[in-house]
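Novice: Take a look at the following structure, please.
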Amino acid sequence: MCVGVCSRVRLGCKILPLRINHTRHLKMIPKPTGLTKCRLIRNWTTCHFKNIYRHNQTKIQPDNTQYLDKEARLKSIEERISKIPLSNFRNFSIVAHVDHGKSTLSDRLLELTGVIKPGDANKQVLDKLDVERERGITVKAQTCSMFYQDPHTKEDYLLHLVDTPGHVDFRAEVSRSYASCGGALLLVDASQGVQAQTVANFYLAYSMGLKLIPVINKIDMAAADIPRAVEQVESTFELDPKDCLPVSAKTGLNVETIIPKIITDIPPPTGDPDSPLKALLVDSWHDPYVGVVMLVFVVDGHIKKGMKLLSAHTSRKYDVKEVGIMYPDKTPMSKVLAGQVAYVIPGMRDPREAMIGDTFYQNGHHAGLEPLPGFEEPKPMVFVGAYPADGGEFKVMNDHMENLVLNDRSVTLEKETSNALGLGWRLGFLGSLHASVFKERLEKEYGAKIILTAPTVPYKIVNLDGTSKIVTNPDEFPGADGKFNQVEMFMEPFVEAIMTIPDEYIGTVMSLCDNNRGVRKDMEYLTTGQVLLKYELPMAQLVEDFFGKLKGATKGYASLDYEDAGYQKSDIVKMELCVNGIPQDALSQVMHRSQVATRAREGVIKFREYLKSQLFEVAVQAKVNNKVVARETIKARRKDVTQRLHAADISRRKKLLEKQKEGKKAMKATGRVNIGHDAFQSFLRRND
């Protein structure tokens, strides 16, 4: 029998939905407490209402199937790892130049070992940042654990792939990543051959004793020349050509031959799970929910949840909240053993406490233990000033800026004040690419809301009394003040640049390097029709879009890598842009004396375009040590005071013009030019 409902419900009578089996559609019934207010169509009994009300109040029990499946999966992974001996562990990374297919090969290896399902959606799985996917580069080191069963012996192997950045700006992170590996795949593009970053990363990996397996990638391309690439690997790196593995990471061709080669050639990690804990910090990032997440290589001992860790360099103590492996995302385990690369959540709030290359011990069991070698503080080499376009937004943008640097502790952030732009920040980066990536993130997230000054490098000032100082802000550089006379010499950072170019562009590239104050150190002709050039260049020239000029001069065929070559004595000066004699500190630049004339002329002409004309004459000057080296004048706006005079009244005409001239002089003496933030922003953006 179907149950009816009231035809009319007064206000205040709550309606409850009910599915009635006989009619198979929803009915609306009144709550039992409000029945006296309703006129019923049928006779209802108390029993009916109790049953209906009880039916609506029944709670749906949660489905625990998914939770149980996850628990069973984690348990099976942990049991499988526990059965694998340390001798069956293999830790390896991939050494390659930019765009040689490193991330694509990583995707194929993850598919081959069953970590991810094959499909078109697997593109740069290990690249987590948007800028990594857009530019096709790796900025942050990532790791992933893989299981592999030998088809002949049926033995299980645990592989740890450490995906490292290839650029020299992240050299400290790369070296710590290599320290956690026993070998590496040396990836070479079959169509392009060996390039600059391949050479630089090879020497770094070779110096750390890694076993290198050459892999020739992109053999499916029409322009691929496998014999030439193999010959170049043999001549450049002195590796056996018989060990070269030709593969196509894009199509998956021959990729299955790589893992057996890794197992046979790369040695297992050396460590003792029963020894006191020693763990090397490879990388870290910030999670908004759990704080800092550390990526560590367990050299000796083990790490488990609840253990108290001790930092060797900061002496701070941390409680392990969670530990596990990346498979490919965070997969918690009860403990990780020696030889594994794992993530640890230590309850750390400040990312600056996680120093790349730091050693962690178990607190209370660290007596007599020495820190692992290789720790060094990151040293910023490129500095940029950042200011909000609207000064009233400083507090809000300060919070945003601090959040941006949470995931990149190698970025230094200091507050500073500019007379022209007000409150702002001084940002320090590891190199030109690092600065470019971070600036791209700033501009995408804030756009016109932020003003970025021209990049500068740290200069060393040696005084007559023997003291020295590193200056990162042009405003602090000695100029027209008396401090210039106290300086014995100025020093600027140099780098040793390695470039690979086609031999037909050698004259153009050498001219470019000479024009940028470069000194040639070595030149080597490769067997593939390319030339390997080594130049010593000032770091200041490198950050001024040297790579873009190099690409333009060689139609995109050149590649560049560099490493720090220390400080050298140099004739550098500070150039100031002044408006009516007042220096604009946001536009000050430090440069070599040979560049002053050209830069000064360009600077005053460009800045004049963004200044508004005044009722008095405005002088835009470029000064070096209080000496004007270039000048542009903005003529005053003037009223035609003689328009009502008769043409023959020459004496009255001269009197009015003289009076106007005196007024302009007085106005210029007391007048002040107000320069808007948009003028600075337009000038600096155009300079980029």
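The values are calculated or read from the model by the stated rules, or taken from the named source; none is laboratory data. Bear in mind the structure is a predicted one, so any value in this text is a computation, not a measurement. Neighbour counts are summed over all protein chains in view; Cβ atoms, including those assigned to glycine, are modelled from backbone coordinates with ideal geometry. Remember, those area values only see protein heavy atoms, side chains included, never the ligands or the DNA or RNA. Shrake-Rupley method; radii C 1.70, N 1.55, O 1.52, S 1.80 Å.
Novice: Nearest 0.05, what FRET efficiency do residue 486 and residue 99 give at R0 = 56 Å with Cβ-Cβ as r? Write down the numbers at each step before the final one.
Specialist: On the way: r = 49 Å, r/R0 = 0.88.
Efficiency at R0 = 56 Å is approximately 0.70.
Novice: Okay, next question. Write down the accessible area per residue of the range 211-332 in Å², having rolled a 1.4 Å probe over the full set of protein chains.
Specialist: Working: 5450 Å² over 122 residues.
Per-residue value: 45 Å².
Novice: Got a sec to turn the phi values of the range 95-108 into Karplus ³J(HN,Hα) couplings, 6.51 cos²θ - 1.76 cosθ + 1.60 with θ = phi - 60°, whole Hz, x for Gly and Pro?
Specialist: 9, 7, 7, 4, 6, 9, x, 5, 5, 5, 5, 4, 4, 5
Novice: Then there is this: Need one word for the range 239-304: rounded, prolate or oblate. Basis is the Cα gyration tensor (sqrt eigenvalues a ≥ b ≥ c); a/c below 1.5 gives rounded, then a/b vs b/c decides.
Specialist: Working: a/c = 3.51, a/b = 1.62, b/c = 2.17.
Note, shape of the range 239-304 comes out oblate.
Novice: With all protein chains present, how much of the accessible area of the range 487-549 (probe radius 1.4 Å) comes from carbon and sulfur, to the nearest whole percent? It would help to have the intermediate numbers written out before the result.
Specialist: Values: 1200 of 2560 Å².
Solvent-exposed carbon and sulfur of the range 487-549 make up 47 percent of the total.
Novice: Another question about this same structure. Would you mind calculating the relative contact order of the range 446-602 from Cα pairs under 8 angstrom and at least 6 residues apart, reporting the percent as a whole number?
Specialist: On the way: 259 pairs, mean separation 40.1, N = 157.
Contact order relative to length: 26 percent.
Novice: So, R0 is 45 Å and r is the distance between the beta-carbons of residue 402 and residue 636; what FRET efficiency does that work out to, to 0.05? Working shown, then result.
Specialist: Values: r = 46 Å, r/R0 = 1.01.
E(calc), rounded to 0.05, equals 0.50.
Novice: Listed highest first by mean packing, meaning other Cβ atoms within 10 Å per residue, what order do 227-235, 186-194 come in? It would help to have the intermediate numbers written out before the result.
Specialist: Numbers: 227-235: 18.3, 186-194: 23.8.
In descending order of packing, they fall as 186-194, 227-235.
Novice: Per residue, how large is the accessible surface of the range 381-464? Use a 1.4 angstrom probe and give square angstrom. Intermediate results must be reported in sequence, preceding the final value.
Specialist: Details: 3310 Å² over 84 residues.
I get 39 Å² per residue for this part.
Novice: Still on this structure: Over the range 293-348, calculate the relative contact order: mean separation of alpha carbon pairs under 8 Å at least 6 apart, over the residue count, as a percent. Don't jump to the answer; show the numbers that get you there.
Specialist: On the way: 122 pairs, mean separation 25.7, N = 56.
Averaging sequence separation for qualifying contacts and normalising by length gives 46 percent for the range 293-348.
Novice: At each listed q (0.19, 0.25, 0.27, 0.28 Å⁻¹), what is the log10 of I(q)/I(0) that the Debye formula gives for the range 569-628 modelled as equal alpha-carbon point scatterers?
Specialist: One equal scatterer on each Cα of the range 569-628 leads to -0.66, -1.05, -1.19, -1.26.
Novice: Shifting gears a bit: Please compute the per residue accessible area over the range 486-639 with all protein chains in place, 1.4 Å probe, rounded to a whole number of Å².
Specialist: For the range 486-639, the per-residue accessible area is 46 Å².
Novice: Also, I was wondering about something else. Ordered by packing density, taken as the mean number of other Cβ atoms within 10 Å over each peptide's residues, highest first, how do 561-573, 89-101 rank? Walk me through the numbers before you get to the answer.
Specialist: On the way: 561-573: 16.5, 89-101: 24.5.
Descending mean neighbour count gives 89-101, 561-573.
Novice: How would the range 391-527 be classified by its alpha-carbon gyration tensor: rounded, prolate or oblate, with rounded meaning a/c under 1.5 and the a/b versus b/c comparison settling the rest? Intermediate values should be presented prior to the final figure.
Specialist: Details: a/c = 2.51, a/b = 1.29, b/c = 1.95.
Oblate shape, in that a/c is at least 1.5 and b/c is the bigger or equal ratio.
Novice: Let me know the shape class of the range 273-353, please: from the alpha-carbon gyration tensor, a ≥ b ≥ c as square roots of the eigenvalues, rounded when a/c is under 1.5, otherwise prolate if a/b is greater than b/c, or oblate.
Specialist: Details: a/c = 1.62, a/b = 1.13, b/c = 1.43.
Oblate, because a/c is 1.5 or more while a/b does not exceed b/c.
Novice: Report, to the nearest whole %, how much of the accessible area of the range 192-330 belongs to carbon and sulfur atoms, 1.4 Å probe, protein only. Let's see the in-between values first.
Specialist: Working: 3060 of 6060 Å².
On the range 192-330, the fraction of accessible area on carbon and sulfur atoms equals 50 percent.
Novice: I would also like to ask the following. Stretch residue 272-residue 390 to full length: gain in nm at 0.36 nm per residue minus the Cα-Cα span?
Specialist: Values: separation 118, 0.36 × 118 = 42.48 nm, distance 5.81 nm.
Using 0.36 nm per residue and subtracting the Cα-Cα distance, I get 36.7 nm.
Novice: Compute the relative contact order of the range 304-413 as a whole-number percentage, counting only Cα pairs closer than 8 Å that sit 6 or more residues apart in sequence.
Specialist: Once divided by the residue count of the range 304-413, the mean separation gives 22 percent.
Novice: Calculate what fraction, in whole %, of the accessible area of the range 376-477 sits on carbon and sulfur atoms when a 1.4 Å probe is rolled over the protein chains. Let's see the in-between values first.
Specialist: Details: 2190 of 4490 Å².
The nonpolar share, carbon plus sulfur, comes to 49 percent.
Novice: Also, I was wondering about something else. Determine the gain in length on full extension of the stretch residue 598-residue 207; use 0.36 nm per residue of separation and subtract their C-alpha separation, reporting nm with one decimal.
Specialist: Details: separation 391, 0.36 × 391 = 140.76 nm, distance 4.35 nm.
Full extension from residue 598 to residue 207 adds 136.4 nm.
Novice: Go through 390-398, 609-617 and give me the packing order, highest mean Cβ count within 10 Å leading. Don't jump to the answer; show the numbers that get you there.
Specialist: Numbers: 390-398: 13.4, 609-617: 15.1.
Taking the mean over residues of other Cβ atoms within 10 Å, the ranking is 609-617, 390-398.
Novice: Which percent of the Cα-Cα distances in the range 488-544 go past 16 Å? Spell out each step's value before the answer.
Specialist: On the way: 710 of 1596 pairs.
Pairs farther apart than 16 Å: 44 percent.
Novice: If each of residue 464 and residue 555 carries a label point 7 Å out from its Cα toward its Cβ, how far apart are those two points in nm?
Specialist: A separation of 5.7 nm, rounded to one decimal place.
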